[in-house]
1. Within the range 87-94, can one find any residue that is within 17 Å of residue 135 (Cβ to Cβ) and in contact with a helix residue (DSSP H, G or I) (Cβ under 6 Å, 6 or more places away or on another chain)?
2. Could you check how many residues of the range 95-110 are in contact with a helix residue (DSSP H, G or I) (Cβ under 8 Å, 6 or more places away or on another chain) and either closer than 9 Å to residue 46 by Cα or assigned to a loop (DSSP other than H, G, I, E, B) (or both)?
3. Conditions: (1) assigned to a helix (DSSP H, G or I); (2) surrounded by 16 or more Cβ atoms within 10 Å (Cβ to Cβ); (3) modelled with pLDDT under 80. Residue 40 meets all but one. Number of the miss?
4. Check 123, 129 and return the single one that is within 14 Å of the chain's Cα centre (by Cα), at pLDDT 90 or above, in a helix (DSSP H, G or I) and buried (at least 16 other Cβ atoms within 10 Å of the Cβ).
5. Look through 47, 34 and report the one residue that is exposed (fewer than 12 other Cβ atoms within 10 Å of the Cβ) and either at pLDDT 70 or above or out of contact with any helix residue (DSSP H, G or I) (no Cβ under 8 Å at 6 or more places or on another chain) (or both).
6. With respect to residue 104, determine if the residue is loosely packed, with under 14 Cβ neighbours inside 10 Å and within 17 Å of residue 48 (Cβ to Cβ).
7. Among the numbered criteria (1) farther than 19 Å from residue 29 by Cβ; (2) surrounded by 18 or more Cβ atoms within 10 Å (Cβ to Cβ), which single criterion is violated by residue 82?
């Protein structure tokens, strides 16, 4: 799964992109998280999901590294699944707030849009940070 962005061709520009892959993924994920504005409670769930998904390495999910412990590979997969479910849940909750509280009642829509984009940016930052990095440097 870490090779999701491996097929992406980036112009050379005199830089060794393979060496800087983890830095680029970290910075772009951080930029997506910092582009948030208003805060209402779904962002807390989204941030916890971001941390849960990225706490488990892809090698642990595949069972290559983590085989001991209480649940082993199955526990790592359950942990990541729960993290993704929380991320999707917070994204759906932010859409509910956007449409239920702001669009339907024809009040100023900006706060609802800000809540939705805050959660969307945290969700996509988690995906970029999880699947955009190469874990080969950790081994």
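The values are calculated or read from the model by the stated rules, or taken from the named source; none is laboratory data. What you see is a predicted model, and the numbers here were worked out from it, not measured in a lab. Every residue, glycine among them, receives a Cβ derived from its backbone with ideal geometry; neighbour counts consider all protein chains shown.
1. Step one: filter the range 87-94 for residues within 17 Å of residue 135 (Cβ to Cβ), giving none.
No - not one qualifying residue is present in the range 87-94.
2. 3
3. So the condition that residue 40 fails would be (1).
4. Of 123, 129, the one residue that is within 14 Å of the chain's Cα centre (by Cα), at pLDDT 90 or above, in a helix (DSSP H, G or I) and buried (at least 16 other Cβ atoms within 10 Å of the Cβ) is 123.
5. Values: 47 fails: exposed (fewer than 12 other Cβ atoms within 10 Å of the Cβ).
Answer to the check: 34.
6. no
7. Just one mismatch for residue 82, condition (2).
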